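Please treat every number below as a calculation from the coordinates, not as lab data. In this text the structure is predicted, and so the values were computed from the model without any measurement. As a convention, Cβ positions derive from the backbone with ideal geometry for all residues, glycine included, and neighbour counts pool all protein chains shown.
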Amino acid sequence: MPIFQSSTRTIPDAPGVPSHIAIIMDGNGRWAKQRFLPRVAGHQRGVETVRDVVRACRELGIGYLTLFAFSSENWRRPADEVTFLMQLFLKMLEREVIKLHDNNIRLRIIGDRSHFDDKLNQRITEAELLTANNTSLTLTVAANYGGRWDITQAVQTMLRARPELAAGFGEAELEPYLSMNYAPEPDLFIRTGGEQRISNFLLWQMAYTELYFTDTLWPAFDRNALQAAIHSYQKRERRFGRTSEQLQGEQLKNEQAQAKKDR
Ligand code: IPE
Ligand code: IPE
Ligand code: MG
């Protein structure tokens, strides 16, 4: 089975531990405001949460973690905050990549890189290259990412590569051109900070993702909060269009097959 498994075409396995968690890290500004600090202090503190969550996911055996760091719409923020966020991203790449590599973590960056300066683009390329063959956890950072941008760029790239598809194409033809073609679809989506929206994150890939929203602000999100999200996920019934009775029937069949094997 290829890694990119489309939930609208084949029914994925739904293991107890999510294979892929995608997070909108929201609430940095409010965390800072509550403490009478400038917004950027919240972003700075949020980096520590990123470290903790990456470590926890690696320890829990989660294969893919995807973090929304900067959306295509975040350019609308005050210029000094945008500059701070870009500098923070560059600093993180320069400081943390060796540590990721030492921990056998593969780093991928998704998003429109055409607005990044040369230095940042160079660091991104180097980091991806260095960690390309690592196998413990794939950490994807979405930077200048938008779900609509992703689908649009996929269509454009596909038509350039296979012009004959202009006459018509299906999901299976498009999927290899999406930014996350190297990962399974997210099983669990978490948004911190209390808002209950997707904000143009992985629109295509989250067709059947379980959604979890928490009021906890990102800088205050910790390992226990992550466990709570995973626990909530584990209690859900993922039907992928089928009925509950079908799933129960399937489970019974599996149990009977297992009992036969054990005999
Ligand atoms: C999320 O925190 C970080 C980014 C969008 C870069 P916010 O900066 O959106 O924090 P709030 O929502 O204003 O509290
Ligand atoms: C979403 O957060 C994007 C990131 C976390 C990078 P925002 O704070 O920008 O989302 P909206 O604008 O409140 O929807
Ligand atoms: Mg926000």
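Worth a mention:
- Extension reserve of the T8-F36 stretch, reckoned as 0.36 nm per residue once the Cα distance is removed: 5.4 nm
- Helix-only CD estimate at 222 nm, as mean residue ellipticity for the chain, using -39500 (n - 2.57) per DSSP H run (n ≥ 4): -14500 deg cm²/dmol
- Exposure proxy shown here: for V53, V97, the number of other Cβ atoms within 10 Å sets the order, fewest to most, as V97, V53.
- Seen against the Cα atoms of the chain and their longest principal axis, helix 118-131 is set at about 40 degrees.
- The peptide list 67-80, 174-187, put in order of mean Cβ contacts within 10 Å with the highest first, becomes 174-187, 67-80.
- Helix 79-102 axis, angle to the chain major axis (alpha carbon atoms, nearest 10°): 60
- Karplus (6.51, -1.76, 1.60) ³J(HN,Hα), θ = phi - 60°, over the range 256-263, in Hz, Gly and Pro reported as x: 5, 4, 5, 4, 4, 5, 5, 5
- The Kirkwood radius of the range 119-263, taken over pairs of alpha-carbon atoms, gives through the Stokes-Einstein law at 25 °C and 0.890 mPa s a diffusion coefficient of 129 µm² s⁻¹.
- FRET efficiency for E126 and E245, using Cβ-Cβ distance with R0 set to 41 Å, rounded to 0.05: 0.20
- For the range 20-262, the relative contact order is 27 percent, taking Cα pairs closer than 8 Å that sit 6 or more residues apart in sequence and dividing their mean separation by the residue count.
- Once divided by 2.2 N^0.38 Å, the Cα radius of gyration of the range 21-164 becomes 1.11.
- Candidates G16, G63, G193, ranked by Gaussian network fluctuation over the chain, Cα under 10 Å, top entry: G16
- Degrees separating the helix 223-234 axis from the principal Cα axis of the chain, which is the longest one: 30
- Derived value for the chain: Kirkwood hydrodynamic radius 19.9 Å. Basis is the mean of 1/r over every pair of different alpha-carbon atoms.
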